[in-house]
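The values are calculated or read from the model by the stated rules, or taken from the named source; none is laboratory data. This structure is a prediction, so every number in the text was calculated from the model and none was measured. Glycine also receives a Cβ, built like all others from the backbone with ideal geometry; neighbour counts cover every protein chain displayed. With ligands, DNA and RNA removed, areas are computed over all heavy atoms of the protein, side chains included. Shrake-Rupley method; radii C 1.70, N 1.55, O 1.52, S 1.80 Å.
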Amino acid sequence: MAAIPEPDLDRRRALLDAWVEKRRRIAVLEAQASSLLAERMTLSQSDAAENPFHRDAIHRSMIAEYAAAGRLSTGAVEYAFTDAAFLHRSHPEVLAAFRAGSITAAHVRAIVREGGIVREAVDNGIAEPGAVSVFDSGAVIVAQSESPARTAVHVRALAAVLAEATVNERHARARSERAVTMRSVDDGLALLTVVLPEHLAVAIMDRLTRLARGVVAARVSEPARDDRAIFGDGTFTTDPLIDTAADPETRLAVDGVTDPVETPEIEAPEVETPDGARLPDGARIPPDDRTIDQVRADLLTDLLLAVDPSAAHGQALDGIQARIQVTVAATTLAGLDDRPAEIDGVGPLHPDIARALAGRNSGWSRLFLDARGLVTETDTYTPTEPMRRFLRARDQHCRFPGCRMPVHRCQVDHTHDHAKGGRTEVHNLGHLCATHHVLKHPDIADDHRWSARQLPDGTIDWLSPLGRSYRDVPRPRVMFT
């Protein structure tokens, strides 16, 4: 591939700069729009104070009018008004950054909503009066260098530190709201909604994803045959056409055609499924072209309908087989305090749940932190791969700026290529998702390839093809306030 001429590179840089400036100006305009909503909310509150009996009607009328004028849902407008009111009343530092265009509306939304926990703790006398100001300062610093999604995780953890008692109370109170609901979405489909504790939801989703990936991997590796696809985890099958019973009178239904058992036996290799079980020799399986989402849905159906809950199967915590990474202070684990733990990359976890998980799992690592709360090394309690455990603990997600792909779905990459002399040590390793790993691959032309340099503290500096530098800093595991 021919090198890109310098004038073209200049044009590309100019377009990037112009786009960044437009984004900043959009944020400034959104800040101005937020100020208009806050001012209108003040007028509405004055009207309600004069006519308290009609307070609800006054508010609903205001929301309806703005929703109609802006062609937005009433829910979206309600959120916008609430965020604007809290932003202008309680978060002056965040508002200043928003007006300058250094953070976006998405950042503000995450900060204001997580800040509600801190405001509640201050109002109830649980947190110090200056806690909101401390929260704002930390949130703005993070938001100015991170994506909205990463910012949300950071500020959630910061809020948990500043208002730990409130977080624990909210988690305990919210647990009573768990529920399962269903509604039709037409065309023979229905939406099944499950509201349950976050750590269980993370574990369920991870297990379904791992099983589904095993299904896809098995069918890809299967020898090319039009009528075969391997799927399932060995404990169940995901298609009613498959009959794996040992009864000699069994009839196998394949592709809608029922054949007697005397049909010549299919010569098929014995295949080991992701959980170690083996499919029976000769089982014919219909073609499988399902997407991973479809496979997850089928596996969830099988798991729910094929297994009877009983005391023998234990509680949900006993059955967690997914990868769920939790950070909890040693003092909390020992019961000396009730500081919130954290599901890495997700948010706070009630300390009682963390202690319960610790009692059921031996795969814990002790993390040694420096003065800033950054991981410096690990000490595992069970035989494992220390380097990988260290990197999982340090990185938590893909190390490309803004990416939140969890580490168990990433690849461990040599920051300085191993083929070029890069050493296999933690200061030269980091997790990258498949999308961002390929950006620095030597097969990519120089004009489009990214490069990366890792600093001793684990910070990774990325250099783009246009010569722009972007930094990804490892997140502290402890919030200092």
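For Arg109, the requirement of being surrounded by 15 or more Cβ atoms within 10 Å (Cβ to Cβ), at pLDDT 90 or above, among the charged types (D, E, K, R) and within 26 Å of the chain's Cα centre (by Cα) is met.
Looking only at segment 1-51, count every residue that is touching an Asp or Glu at 6+ places or on another chain (Cβ under 9 Å) and either open to solvent by less than 60 Å² (accessible area, probe 1.4 Å) or under 23 Å from Phe86 (Cβ atoms) (or both) and tell me the total. Of the residues in that region, 5 qualify. Filtering segment 428-453 to residues that are within 27 Å of Glu342 (Cβ to Cβ) and open to solvent by 30 Å² or more (accessible area, probe 1.4 Å) leaves Ala434, Thr435, His436, His437. For segment 153-166, the criterion of being open to solvent by 10 Å² or more (accessible area, probe 1.4 Å) and either at pLDDT 90 or above or polar (S, T, N, Q) (or both) is satisfied by no residue at all.
When restricted to residues that are part of a helix (DSSP H, G or I) and closer than 15 Å to Pro401 by Cβ, segment 120-153 contains 7. Where helices (runs of 4 or more DSSP H) fall wholly inside segment 1-98, the ranges with 3 or more residues that are of a type in the set (Lys, Arg) and under 30 Å from Pro465 (Cα atoms) are 6-50.
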